[in-house]
Amino acid sequence: MRSERVTAAIFAIAACATVGVRAQTPDAQAGAAAIMKADRDFNQAVADRDLTRFLSLVADTATFGGGTSSEIHGRAAVAKEWAPFFQADGPKLTWTPTKGEVIGAGDLGYTVGTWERRVASAAGGPPTVTRGNYLTVWKKQADNTWLVVFDTGSTFPTK
């Protein structure tokens, strides 16, 4: 049931995005630029292992891993689940947004892109590298900042 809701949400965003492409107003372009910057800042917070800055971009009611068996809800749960990425010797997670759009009334948007996770080998060998795609949904706040309300992704097949 949950994966059906996620699939429906993704199709709804894609449908709105298609409409938005035809009507790219200056406000929509500015909003897209703002969420692309927010996504890059989000990534930089993880690269800098700055949990406080990372969480400042996550809504209180955010859902991470949406539609998966490991789906988590709320900023506190995200902080707990993502804690290893903020430890000095923890895994490294990076991502690059490739597209961002604002939809509807201009207070909701999404970014998509690719991600990579590197986990050090316990035996000192090369790290294990996993890659995939992601979708992050952003909600504009009253103070004009953008917060993550939904984040999910997929993993590329291993060769």
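Using the number of other C-beta atoms within 10 angstrom as an exposure proxy, rank 41, 151 with the fewest first.
Working: 41 14, 151 20.
The most exposed by this proxy come first: 41, 151.
Order by neighbour count: 116, 101, fewest other Cβ atoms within 10 Å first, most last. Write out the running numbers ahead of the final one.
Values: 116 14, 101 23.
The order, fewest Cβ neighbours first, is 116, 101.
Test of understanding: what is the full-extension gain from residue 120 to residue 52, defined as 0.36 nm times their sequence separation minus their Cα-Cα distance? Each step should come with its number before you reach the end.
Details: separation 68, 0.36 × 68 = 24.48 nm, distance 2.41 nm.
Extra length available between residue 120 and residue 52 comes to 22.1 nm.
Would you please give the FRET efficiency between residue 133 and residue 83, computed as 1/(1 + (r/R0)^6) with r the Cβ-Cβ distance and R0 = 25 Å, to the nearest 0.05? Before the final figure, lay out each step's value.
Numbers: r = 24 Å, r/R0 = 0.96.
FRET efficiency, residue 133 to residue 83: 0.55.
Expressed as a whole number of Å, what is the distance separating the alpha-carbon centroids of the range 30-58 and the range 98-129?
The two parts, judged by their Cα centres, are 12 Å apart.
Peptides 56-63, 31-38: what's the order by average Cβ count within 10 Å, highest mean first? Could you put the intermediate results ahead of the total?
Numbers: 56-63: 17.1, 31-38: 19.2.
Highest mean packing first, the order is 31-38, 56-63.
Each reported figure results from applying straightforward, stated rules to the coordinates on display, with no laboratory input. Treat the numbers as computed from the prediction; the structure is a model and nothing was measured. We place every Cβ from the backbone using ideal geometry, glycine too, and count neighbours over all the protein chains shown.
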